[in-house]
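Q: Got a structure for you, questions after.
The values are calculated or read from the model by the stated rules, or taken from the named source; none is laboratory data. The shown structure was predicted, so the numbers you read here are calculated from the model rather than taken from an experiment. Ideal geometry is used to build each Cβ from the backbone, glycine not excepted, and the neighbour counts take in all protein chains shown. These area figures cover heavy atoms from the full protein model, side chains too; ligands, DNA and RNA do not enter into them. Shrake-Rupley method; radii C 1.70, N 1.55, O 1.52, S 1.80 Å.
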Amino acid sequence: VVLNYFDMKQYYNLMILIVMTAIFVSICGCKNNHREELAIHPRTQSLYQEFHRPQFHFTPESKWMNDPNGLYYHKGKYHLFYQYFPDSIVWGPMHWGHAESNDLLHWKHLPIALFPDSLGYIFSGGAIVDKNNTSKLGTNDNPPIIATFTHHDIAGEKAKTNDFQKQSIAYSLDGGYEWIKYAGNPVIPNTQKIKDFRDPKVVWHEPSQKWILVLAAYDRVKFYASANLIDWEFLSDFGVEGDKRLWECPDLFPMKVEGTNEYKWVLIVSIQKNAPNDGTATSYFVGHFDGTVFKSEVENQEWLDWGTDNYAFVTWNNVPKDDGRILGIGWMSNWQYAQIVPTENWRSAMTLPRELTLVKSKSKYSLHGLPIREFQTLRGASTALNQLEIIGEKVLEGSFSASQVELDITVNLKKTTANSFGIKLQNELGENILIKFDKREGKMFVDRTNSRKHKFSEDFFKNIHSAPIAFEKEKMNIRLIIDAASVEIFINNGELSFTSIFFPSKEFSTISLFANNGTFNIINAEIHPLKSIWNKKEEEN
C-alpha cells in the first residue's frame with residue numbers, strides 16, 4: 001500500500017492525538033476517589049490481595065455474599081454455605097454458595113450448591129446429617145445430608161400475596177457436593193400468609209426423639225416437629241411482648257453450663273433494626289425447651305455481639321462429640337450499608353469462627369464468645385510487653401502490620417487513673433479508629449467516624465458506638481483482632497464481644513495506646529502478627 005503525503009500527515013496527526021489522549025486520561029483519571037485509593041495503596045489487585053480484602057476472614061472469591069447457611073461437619077470437613085448472588089456485588093436472586101475447610105480457617109471454594117428455581121430464590125436455612133436415615137432419602141449405609149431453606153417467590157412478593165415464603169428441603173448423598181431438591185416441596189407451606197416467614201434451622205431433640213425446626217415469623221419464632229424431616233407439625237411460637245422488630249435467622253440448641261452438669265437451651269435470633277448501636281445485630285435468649293415450648297428465663301434478649309457488624313450468627317451441626325464445642329459464625333456487615341461499602345470485586349466477609357460457652361453468674365446465664373483455638377496457628381513471631389504505664393499517647397513499634405495483627409492486653413484497673421484510655425489505629429492521612437474505655441461512663445466506645453475522608457454512607461459514619469463495661473474488677477483483658485477492614489474485640493475472655501468494619505483510604509500504619517487525664521497501667525501485652533489464609537496455590541484454584 002502506497003500512502004501519499006496527505007495520507008501520511010493524517011496518520012501521524014492521528015497517532016499524536018491518540019498518545020496525547022492516553023496521557024491526559026492517565027493523569028486526570030487518578031483524580032476520582034477510587035483511583036486515588038489505588039495510587040496510594042501498595043498492594044497489587046490480584047485475587048485475595050485487593051484493597052480492603054480480609055486476609056484471615058472468609059470472603060467469596062467474587063460478587064455478593066450475606067448470611068451463613070447450612071453449617072455442618074461431615075467426614076473431617078466443616079461445610080459453610082452462604083447467601084450468594086454470582087452476577088453482582090449487590091443483593092440479587094439468592095443462591096447458596098459453598099466452601100469447605102479442615103480447620104475452619106483455610107477454605108476451599110466449591111461450586112454453587114443451590115440455584116433459584118420455579119418456586120423462587122433460595123433464602124437462608126440450615127443443614128443436618130440425617131445419621132439414621134429418618135427421611136428415607138438415603139440409606140442406612142449412606143445417610144443423606146438434609147438442607148432446610150426458604151423458597152422466596154419473587155412473583156408472589158410483587159403481587160403482594162403475603163404467602164410468598166415457604167420452607168423446602170434438598171438432600172445430598174455424596175456429603176454435600178451435589179444436591180437434589182425434594183419433589184414434594186414446600187414441606188412447610190405458608191398457610192397463615194405471613195409476609196416474613198423464613199430461615200428454617202433444625203436440631204435433634206433427644207428426649208422426644210424428633211427433629212425440631214425453628215423459623216422466623218416476623219416478630220417471633222415458630223417451632224415445628226418431625227420424625228422424618230418431611231412431614232412437619234406446628235408446636236408453638238415464642239416472642240417478646242411489645243417487640244415488633246423483624247426477627248431473622250434463628251438457631252436453637254442445648255448447652256452445658258460451664259463447670260457444671262446443668263444444661264440450658266439457647267435461642268439465637270438476629271434483629272434487623274434498632275439494635276443497641278442501630279441497624280442489625282445478633283441476640284440470644286437462655287431458657288428451657290421441653291420439645292414443644294421454649295420458655296426464656298429473661299424477659300428481653302441479651303446481645304451476642306454489641307458491634308454493628310455481626311449478623312445472622314448461626315452454629316455448626318454435627319460437631320464431633322469428642323470435640324464438644326459449640327461453634328458458629330456470623331455475617332460481618334449491616335443491612336444499613338452492606339450494599340454500598342467501597343469494595344469492587346466482592347462484597348462482605350464472615351466473622352472469625354467463634355466458640356460459644358454458657359456461663360452462670362449470680363444474676364443470669366450469659367453466652368461468651370471467643371475465636372476458635374485453631375486461630376492461634378496463624379500467629380507469627382510475637383512480641384511481649386510488660387509493665388507499661390501510658391501517659392498521653394505511645395505508638396507501638398515492632399515487626400507487624402497494623403492492618404493484620406492481634407493485640408492481647410491485660411489492664412491493671414486499680415492502678416489506671418485515667419478517666420479514659422484505649423487504642424488508636426491510624427494512617428498517614430489522619431484517618432483513624434478509636435477504641436476507648438471510659439471509667440466515668442462505664443462504657444467502651446468504638447469511633448469510626450473519622451475512619452475515611454470520603455464518606456460513602458451517612459449511616460456508617462454518623463454515630464460513635466458503645467457497650468456497657470464493668471470496671472469494678474482489679475484487671476481487665478482486652479483482645480483485639482485486626483484485619484484489613486475489621487476489628488473484633490473480646491473483653492474478659494469473651495464476656496463481651498464487639499465487631500466493627502471500616503474502610504480507610506489507605507491501610508492503617510500505626511497502633512497507639514493512649515490515656516486521658518491520668519495513666520493507663522498495663523500489666524502485660526502481647527502483639528501477634530497474623531498470617532494470611534490465602535496463598536498462591538489457592539489463588540490459582
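Q: Would you mind telling me the share, in percent, of accessible area of segment 166-276 contributed by carbon and sulfur at probe 1.4 angstrom?
A: Working: 2220 of 4730 Å².
About 47 percent, which is the carbon plus sulfur part of the accessible surface.
Q: Next question. Suppose all protein chains stay in the model; what accessible area per residue would a 1.4 Å probe give for segment 369-464, in Å²? Could the numbers behind the result be given before it?
A: Working: 4540 Å² over 96 residues.
Each residue of segment 369-464 exposes 47 Å² on average to a 1.4 Å probe.
Q: Here's a follow-up. For segment 184-247, just say rounded, prolate or oblate: build the C-alpha gyration tensor, square-root its eigenvalues into a ≥ b ≥ c, call rounded for a/c under 1.5, and beyond that prolate if a/b exceeds b/c, oblate if not. Walk me through the numbers before you get to the answer.
A: Numbers: a/c = 2.57, a/b = 1.45, b/c = 1.77.
It is oblate, given that a/c is not under 1.5 and a/b is not larger than b/c.
Q: Within segment 138-195, report the chymotrypsin sites (Phe, Trp or Tyr not before Pro) that DSSP leaves as loop and that have at most 16 other Cβ atoms within 10 Å. Write out the running numbers ahead of the final one.
A: Values: sites: 149, 164, 171, 177, 179, 182; in loops: 164, 177, 179, 182.
Taking segment 138-195 and a limit of 16 other Cβ atoms within 10 Å, the loop chymotrypsin sites (Phe, Trp or Tyr not before Pro) found are 177.
Q: Using only DSSP helix segments of four residues or longer, with each worth -39500 (n - 2.57), what per-residue ellipticity at 222 nm results for the chain after dividing by its residue count and rounding to 500? It would help to have the intermediate numbers written out before the result.
A: Details: 5 runs with 46 residues, N = 541.
So the calculated ellipticity at 222 nm is -2500 deg cm²/dmol.
Q: Residue 46 versus residue 90, label points 7 Å from Cα toward the beta carbon: distance in nm?
A: 3.2 nm
Q: Dipole size in debye (nearest 20) for the chain around its Cα centre, Lys and Arg Cβ +1, Asp and Glu Cβ -1? Walk me through the intermediate numbers first.
A: Values: 57 positive and 64 negative charges, 120 e Å.
For the chain, the charge dipole is close to 580 debye.
Q: Could you do me a favour and compute the accessible area per residue for segment 212-368, 1.4 Å probe, result in Å²?
A: Numbers: 5760 Å² over 157 residues.
Per-residue accessible area for segment 212-368 comes out at 37 Å².
Q: Where the accessible area of segment 42-125 is counted over protein heavy atoms with a 1.4 Å probe, how much of it, in %, is carbon and sulfur?
A: Numbers: 1510 of 2690 Å².
Answer for segment 42-125: carbon and sulfur cover 56 percent of the accessible area.
Q: Run the numbers on the chain and let me know its relative contact order in percent, using alpha-carbon pairs under 8 Å that are six or more apart. Mind showing how you got there, number by number?
A: Working: 1361 pairs, mean separation 71.0, N = 541.
In percent, rounded to a whole number, it is 13.
Q: Can you tell me the relative contact order of segment 47-129? Whole percent, Cα pairs under 8 Å, sequence separation 6 or more. Before the final figure, lay out each step's value.
A: Values: 164 pairs, mean separation 22.3, N = 83.
Result for segment 47-129 is 27 percent.
Q: Separate question: Listed here are the pairs 75/131; 63/424; 424/475; which of them are more than 23 Å apart at the Cα? Numbers along the way, then the final one.
A: Values: 75/131 12 Å; 63/424 32 Å; 424/475 21 Å.
Flagged as over cut-off: 63/424.
Q: From the backbone phi of segment 483-498, what are the Karplus-calculated ³J(HN,Hα) couplings (6.51 cos²θ - 1.76 cosθ + 1.60, θ = phi - 60°) in whole Hz, Gly and Pro given as x?
A: 10, 4, 9, 7, 9, 10, 10, 10, 9, 6, 6, x, 4, 9, 10, 8
Q: I would also like to ask the following. Kindly identify segment 88-149 as rounded, prolate or oblate by the Cα gyration tensor criterion: order the square roots of the eigenvalues as a ≥ b ≥ c, call it rounded if a/c is under 1.5, otherwise compare a/b with b/c, prolate if a/b is larger, else oblate. It would help to have the intermediate numbers written out before the result.
A: Working: a/c = 2.87, a/b = 1.34, b/c = 2.15.
It comes out oblate by the Cα gyration axes.
Q: For the residue pair residue 410 and residue 439, what label-to-label distance in nm results when each label sits 7 Å from Cα along the Cα-to-beta-carbon direction?
A: Here the modelled spin labels are 1.9 nm apart.
Q: Express the carbon and sulfur contribution to the solvent-accessible surface of segment 370-500 as a percent, rounded to the nearest whole number, probe 1.4 angstrom. Numbers along the way, then the final one.
A: Values: 2450 of 5580 Å².
That fraction is 44 percent.
Q: Also, quick follow-up: How would 458, 441, 157 rank on accessible area, largest to smallest, probe 1.4 Å? List each step's numbers first, then the result.
A: On the way: 458 150, 441 110, 157 75 Å².
Accessible-area ranking of 458, 441, 157, largest first: 458, 441, 157.
Q: Relative contact order for segment 306-386: what percent, with Cα pairs under 8 Å and sequence separation of 6 or more? Before the final figure, lay out the partial values.
A: On the way: 100 pairs, mean separation 18.2, N = 81.
Dividing the mean separation by the residue count of segment 306-386 yields 23 percent.
Q: Could you sort out which of 210/264; 166/193; 193/273; 436/506 sit more than 20 Å apart by Cα distance in this structure? If you can, show how the numbers build up before the last one.
A: On the way: 210/264 18 Å; 166/193 10 Å; 193/273 23 Å; 436/506 22 Å.
Result: 193/273; 436/506 exceed 20 Å.
Q: On to the next question. Shape verdict for the chain, please, from the Cα gyration tensor: rounded (a/c under 1.5), prolate (a/b greater than b/c) or oblate.
A: Values: a/c = 1.92, a/b = 1.15, b/c = 1.66.
Oblate, since a/c reaches 1.5 and b/c is not below a/b.
Q: Where the centre of each part is set by its Cα atoms, how far does segment 467-505 sit from segment 136-203, in angstrom?
A: 37 Å
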